[in-house]
Ligand code: PFF
């Protein structure tokens, strides 16, 4: 990013914006959350409805968010306020982005916990490189149950869980305090392509050695009877989580985009890349899950338990495992940075403080909540903070943060964004920003005005009460 004017920064180029936004979208949501959600929600019905949500809801909302940001050139709440003011509407609309900023803070708190697990696996594979050597597979002579047991072993160690979480958060804070400058752009520009390459190799390996046919039919066979309200809400929530929507993240990044960036085209690239990675993650992980006789609905452990088993049999397995988790670390970092950036940008703009101070304050808050989330797997396993709400019955602190944001904050934020962009904001101002013309423009407008808010409201009500 290059500084331009007081406090405001811009990406150094259009491709830097695309890579940073793809970096925000592609992260643990694709590799860890998508397969876990697909497995817990019955596979095919979830996956196909997810794709439908990305195309008909996620993509139009993504374009709406980045254009609000670029018009406002500020933190998300201020950008909404500016567009409202320029459209002659009430400034109270900024509340939709304030809610988003708060949600980003909540997501950040538990996201860094999972980032900590990734760091742990980097350590595991690093020590394995020394023990097993680089030529053969990983974890020589160890039973599969042993490898699967690594994650529960980590969960049981409260001190390590908290420490790793804080470590991951500290690295995120370091980059955000530096103004998302050369560091993150560098990570996005050089490491994301490497990540894509490695990921493709592992998927191809899974296709040849794992149970690819079973994985394909599991992920893409549509069984309408499995499409319950809960599954639909989970799919919408996953689409928003994966595209970084409804939590002011993309609005914040859009504000750093140059005027000559075509936002319609860019949104298509972001959504396409993000969805491709999620589907590849499913195709990399499920063949291994089925071949190793693991259960598809193993939830959060799926990625962390199935892939290391595959690395055991691969030539150069410990090195590939090390490289793979390092790549996931970078993908997670480019996402956590955008999560921290949204509340930080709001804070330093609102209270006129330095970027470093704002980063520190938001980071300390996230450290406190994140510690509770890390302890959900051990000391606080029986603590169910919102158990009086049926959707969150018997749900620990970590899962409550996750469910609350993906199943409530994100869809509600998106509904309000659609109403704001589709009905409240001045259509001429919107048309100047979106980079679409002809039929595509009409389609986008119809989706934002009618289809998205209505579909989201129905899915939300059906998911909660259905
Ligand atoms: N999209 C990220 C992922 O899939 O890992 C998570 C995320 C980042 C959500 C930024 C929201 C956000 F604002």
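We did not get these values from a lab; they are worked out from the coordinates using the rules stated. Nothing here was measured: the structure is a model prediction, and the numbers come from that model. Note that we place each Cβ from the backbone using ideal geometry, even for glycine, and neighbour counts take in every protein chain shown.
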Inset, instruction - Mind jotting down the distance between the C-alpha centroids of the stretch 317-354 and the stretch 364-421, whole Å? - result: 20 Å
Inset, instruction - Just the number, please: Stokes-Einstein D of the chain in µm²/s, Kirkwood Rh from C-alpha pairs, 37 °C, 0.692 mPa s. - result: 148 µm²/s
Inset, instruction - For helix 302-313, report the angle its Cα long axis makes with the longest principal axis of the Cα atoms of the chain; keep it between 0 and 90° and round to the nearest 10°. - result: 40 degrees
Legend entry - Packing-based order for 10-18, 329-337, using average beta carbon neighbours within 10 Å, highest first: 329-337, 10-18
Inset, instruction - Would you please state the base-10 log of I(q)/I(0) at q = 0.17, 0.23, 0.25 1/Å for the stretch 352-420, with intensities from the Debye formula using one equal scatterer on every alpha carbon? - result: -0.78, -0.95, -0.99
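Quickly rank 35-44, 339-348 as a protection proxy: mean count of other C-beta atoms within 10 Å, highest first.
Peptide ranking by packing, descending: 339-348, 35-44.
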Legend entry - Between the stretch 69-146 and the stretch 253-270, the Cα center-to-center distance that results, in Å: 20 Å
Legend entry - Packing-based order for 89-101, 278-290, using average beta carbon neighbours within 10 Å, highest first: 278-290, 89-101
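Once Rh for the stretch 115-268 is found with the Kirkwood sum over Cα pairs, what is the Stokes-Einstein diffusion coefficient at 25 °C and 0.890 mPa s, in µm²/s?
121 µm²/s
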Inset, instruction - Taking the chain as the reference, fit the longest principal axis to its C-alpha atoms, fit the long axis of helix 14-25 to the helix C-alpha atoms, and give the angle between the two in degrees, 0 to 90, nearest 10. - result: 60 degrees
Inset, instruction - At 0.36 nm per residue, minus the direct Cα-Cα distance, what do residue 446 and residue 158 gain on full extension? Give it in nm, one decimal, please. - result: 98.7 nm
Legend entry - Inter-probe distance in nm under a simple model that places probes 7 Å from Cα toward Cβ, at residue 144 and residue 368: 4.6 nm
